[in-house]
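The values are calculated or read from the model by the stated rules, or taken from the named source; none is laboratory data. Note that this is a predicted model, so its numbers are computed, not measured. Note that we place each Cβ from the backbone using ideal geometry, even for glycine, and neighbour counts take in every protein chain shown. Quick note on the areas: whole protein, heavy atoms, side chains included, nothing else; ligands and nucleic acids left out. Shrake-Rupley method; radii C 1.70, N 1.55, O 1.52, S 1.80 Å.
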Amino acid sequence: MSAALDGLRAALVGALRAGLSELDPGGLVERALDAEAAAPRGRVVVIAAGKAALGMAQGALRSRWADRIAGGLAVTVAAPALSARDPHAAASDPDEAALRPLRVMRAAHPIPDGRSMDAAAAALAIAAALGPDDLLLALISGGASALLAAPPLGVSLADKQALVAALLEGGAPIQEVNLVRRHLSRIKGGRLAAAAAPARVLTLLMSDVVGGLPHDISSGPTVPDPTRVEEARAALDRWAPQLSRLTPALSESLKPADAPLLETRMLADPEKLAERVAAALAARTGLRAVAVAAEVGDARAIVERRLALARALAPGEAAVIPCEPTLALPAERGAGGRAGWIALAALRDLPPDVVLLCGATDGADGSSGAAGAVVARAAAAAMDDRAIEAALTRFDDAAAHRALGTRLEIGSTGHNLTDVHIVARDFTRASPAR
């Protein structure tokens, strides 16, 4: 790879880091609470859940509400599960001592485990103990669907694990995964807020869902849900028909008309992150960088769109795209993730002066041990085409990116704002005709 493309590659990684830093979860929560017209009169109890839970909780404890916070819970991804892939996994987590008087719990992601059940039980117990003068401050970020698991009566943890695996591995869009989760739970779909009644509930959200509404984020444990059980039944039939025996356990969630004391604020979302990354890239490189419309859909179709965009860019242009790809996976597969798979699939057909970054904003792209990949066509010279094709077929992109030197390694970020793709064309020379 040329020095110019090496520099561009580093600039893309730096811009992603800068965008994430600007949307620091703790700072966003602190500013949001400081901006509230008045602090609550009664007790404030915090339930923070998701990949940004610890940072968000720390922000609440720095805010002017701090002396009113009587306790609560912060639930995030289990450190051992992350550190097995990433030796720097907990580097962005605040010291747990700094989160007192909150209890810190950790659970599995994306498939819930027994710790997820324990965390949900603890959250429901906290909510149920609140009185009419109290306020539940819910700090919800991506990942909480797995971290808080409370299946309804008659549905076991094993059932729930099988269902989530079937939906995710079958390529279901995250909105439909969470639709089923909301209607097959004792805590999601506003039920945590219902448990807190008659207390007031204020929810601050960091969205990991492209175009997501509040009820989509982590299956909406503290927000009303306009969807109906019939929609969940249809999604279950569409994506996991082998688990149709769970259909009778689906139930209605909390509806907007029944939730007069619930308030919600959206602090950050994938689109806002893309704007921050584009601004940082322009400032650092002089590229004409813009955030473009978010995308969802099949990873193979997204590869083709990335290549079309790469060819259409003029020298010195860049585009930042928030992206939620879906990728159906076979039972037998290697190590990798959807961001790395897309980057590897596009690698050989990129124009020679274009760099493509595909990254998971939490720093963990599937089972790859990295955040994704940053690639340019020149890197393909280090690997035979047949080896690349084999890696794509086996969904084993992690080994390929390790061999090519194209891994994106940013460590655990304390964020979860879905994936970001950046396509940038070097401005030092025009690309030859293709």
Notebook entry, point to check: Looking at Ala403, Pro110, Ala49, which one has the Cα that reaches farthest to the positive end of the dipole of the chain (charges on Cβ: Lys, Arg +1; Asp, Glu -1)?
Noted result: Ala49
Note to self: Connecting C-alpha atoms closer than 10 Å in a GNM of the chain, tell me which of Gly171, Gly189, Gly42 has the biggest fluctuation.
What the structure shows: Gly42
Note to self: As a test, work out the antiparallel percent of DSSP beta bridges whose residues both lie in the chain, rounded to the nearest 5.
What the structure shows: 35
Next item on the list: Quick one: pull the percent of accessible area on segment 197-252 belonging to carbon and sulfur, 1.4 Å probe, ligands and nucleic acids left out.
Entry: 58
Next item on the list: Please list the equivalent ellipsoid semi-axes of the chain, computed as the square roots of five times the alpha-carbon gyration tensor eigenvalues, in descending order and whole angstrom.
Entry: 38, 25, 18
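Summing +1 for each Lys or Arg and -1 for each Asp or Glu, what net charge is found among the other residues whose Cβ lies under 10 Å from the Cβ of Pro40? Please list the in-between numbers first.
On the way: positive: Arg41, Arg43, Arg68, Arg200; negative: Glu36, Asp133, Asp134.
Once positives and negatives cancel, what remains is +1.
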Notebook entry, point to check: How high is the relative contact order of the chain, given as a whole-number percent (alpha carbon pairs under 8 Å, six or more residues apart)?
Noted result: 17
Margin query: How long are the semi-axes of the equivalent ellipsoid of segment 277-434, defined as square roots of 5 times the Cα gyration tensor eigenvalues? Whole Å, largest first.
Written below: 23, 19, 14
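Take the Cβ-Cβ distance between Arg311 and Val290 as r, set R0 to 22 Å, and report the resulting FRET efficiency rounded to the nearest 0.05.
Working: r = 17 Å, r/R0 = 0.77.
Approximately 0.85, to the nearest 0.05.
Quick check for me: using +1 on Lys/Arg Cβ and -1 on Asp/Glu Cβ, what's the dipole size of segment 100-148 about its Cα centre, in debye to the nearest 20? Could the numbers behind the result be given before it?
On the way: 4 positive and 4 negative charges, 46 e Å.
Here the size comes out at about 220 debye.
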Check: In nm², what is the average projected area of the convex hull enclosing the Cα atoms of segment 329-394?
Finding: 4.5
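With every protein chain kept in place and ligands, DNA and RNA left out, what is the accessible area per residue of the chain? Probe 1.4 Å, answer in Å². Walk me through the numbers before you get to the answer.
On the way: 16040 Å² over 434 residues.
Value for the chain: 37 Å² per residue.
Please report the orientation-averaged projected area of segment 220-351, defined via the convex hull of its C-alpha atoms, in nm².
12.1
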